[in-house]
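The values are calculated or read from the model by the stated rules, or taken from the named source; none is laboratory data. No experiment lies behind these values; they were computed from the predicted model shown. Every residue, glycine among them, receives a Cβ derived from its backbone with ideal geometry; neighbour counts consider all protein chains shown.
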């Protein structure tokens, strides 16, 4: 009878250890499934980002030409003249077959932000009191990039 009781205890301990191993395996499988689901979402995100990267790389030469021209020539002008210069530059680049980003001023402002500063810096300028209109942000970029002192006159019409 003692031998049977001892065998029963051994078998019962084996059953408990198998139950613990099964529970641990279920937890690992659950975590693996969550990881795979997260990676599937990341795959979709990275695929879209890859297409966007290819588009940005295609337009890189034209975008650099636009930003350099803008920095060299558009600084002292108001937004109306800047927009006109931007349109003329876009037409010139298109006529010469240089691929560049679309010609809207909103996309050009985004292009300037990405080339010359980051969104965090622009947001910081806003907290320091810089108006949030496109011209003020562009002028802020000009001033931030200057290595010598100059004077920019902000004309504000109310």
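Give region 112-139 a look and list any residue that's surrounded by 11 or more Cβ atoms within 10 Å (Cβ to Cβ) and touching a helix residue (DSSP H, G or I) at 6+ places or on another chain (Cβ under 7 Å), or say none.
Correct list: 112, 113, 115, 116, 117, 122, 125, 130, 134, 135, 137, 138.
Filter region 8-57 for residues that are modelled with pLDDT under 85 and farther than 30 Å from residue 100 by Cα and give the result.
Here is the first cut: in region 8-57, the residues modelled with pLDDT under 85 are 38-56.
If the condition is that a residue be modelled with pLDDT under 85 and farther than 30 Å from residue 100 by Cα, then 38, 39, 40, 41 are the ones that fit.
Kindly evaluate residue 25 against the criterion of being in contact with a helix residue (DSSP H, G or I) (Cβ under 6 Å, 6 or more places away or on another chain), surrounded by 10 or more Cβ atoms within 10 Å (Cβ to Cβ) and in a helix (DSSP H, G or I).
On the way: in contact with a helix residue (DSSP H, G or I) (Cβ under 6 Å, 6 or more places away or on another chain): no; surrounded by 10 or more Cβ atoms within 10 Å (Cβ to Cβ): yes; in a helix (DSSP H, G or I): yes.
Considered against the rule, which asks whether it is in contact with a helix residue (DSSP H, G or I) (Cβ under 6 Å, 6 or more places away or on another chain), surrounded by 10 or more Cβ atoms within 10 Å (Cβ to Cβ) and in a helix (DSSP H, G or I), residue 25 comes out as no.
This table checks each residue for (1) out of contact with any strand residue (DSSP E or B) (no Cβ under 9 Å at 6 or more places or on another chain); (2) surrounded by 11 or more Cβ atoms within 10 Å (Cβ to Cβ); (3) without any contact (Cβ under 8 Å) to a residue 12 or more places away in the chain.
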{"residue": "5", "(1), (2), (3)": "yes, no, yes"}
{"residue": "15", "(1), (2), (3)": "yes, no, yes"}
{"residue": "29", "(1), (2), (3)": "yes, no, yes"}
{"residue": "34", "(1), (2), (3)": "yes, no, yes"}
{"residue": "63", "(1), (2), (3)": "yes, yes, no"}
{"residue": "68", "(1), (2), (3)": "yes, yes, yes"}
{"residue": "93", "(1), (2), (3)": "yes, yes, no"}
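Considering only region 79-102, state which residues are over 16 Å from residue 112 (Cα atoms) and assigned to a loop (DSSP other than H, G, I, E, B).
96, 97, 98, 99
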